[in-house]
Amino acid sequence: LVHLFAADGGAHSIATIDTSVAGGSNIIVVRSVGCHSTLAAGLLWVLLLRYRGFLPLVILTLLIEPLLREVSGALKPIETVGVAPGAALNVWAIPVLSVLFYLALCPAEGSRP
């Protein structure tokens with residue numbers, strides 16, 4: 001919701017991107033399109049809470065997102081003043097979500113396939 005409602009779309013206040021440069025308002029507009037994240041989060045919560053059989057899909061979706069962020073950052077780096085929380089958390093999110101995804105695919109003990 002910060003990307004949607006914050007004046008700078010979180011570009012400077014969170015991601016530490018210098019938006020005072022030429023074209024800075026374009027950066028803010030691109031970063032402000034937070035509707036897709038809000039909708040995806042809502043859908044994932046519904047799947048997680050109501051349709052527990054989709055747990056591996058939810059975890060896989062959450063795993064793919066930071067992986068794609070890493071690829072995007074490597075292919076199209078952007079200069080920032082500091083480290084954005086998303087970039088800092090990728091180091092932890094990817095291995096943790098990988099383990100959770102593996103565990104979600106493992107059958108429960110005592111259950112039959």
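The values are calculated or read from the model by the stated rules, or taken from the named source; none is laboratory data. Computed from a predicted model, the values in this text were never measured in an experiment. With ideal geometry, Cβ positions are generated from the backbone for all residues, glycine too; neighbour counts draw on all protein chains shown. To get the accessible areas, we keep the full protein, side chains included, count just its heavy atoms, and leave off ligands, DNA and RNA. Shrake-Rupley method; radii C 1.70, N 1.55, O 1.52, S 1.80 Å.
A few notes on this one:
- Flag if Pro66 is surrounded by 10 or more Cβ atoms within 10 Å (Cβ to Cβ) and either touching a Leu at 6+ places or on another chain (Cβ under 6 Å) or over 13 Å from Ala15 (Cβ atoms) (or both): yes
- Across segment 87-113, the number of residues qualifying as surrounded by 10 or more Cβ atoms within 10 Å (Cβ to Cβ) and either in contact with a helix residue (DSSP H, G or I) (Cβ under 6 Å, 6 or more places away or on another chain) or in a loop (DSSP other than H, G, I, E, B) (or both) comes to 8.
- Test for Gly34: is it out of contact with any Ser or Thr (no Cβ under 6 Å at 6 or more places or on another chain), over 22 Å from Leu89 (Cβ atoms) and modelled with pLDDT under 75: no
- In segment 99-113 there is no residue that is small (Gly, Ala, Ser), more than 23 Å from Leu39 (Cβ to Cβ) and within 14 Å of the chain's Cα centre (by Cα).
- Screening Ala40 with (1) in a helix (DSSP H, G or I); (2) open to solvent by less than 70 Å² (accessible area, probe 1.4 Å); (3) at pLDDT below 75 gives one miss only, at (3).
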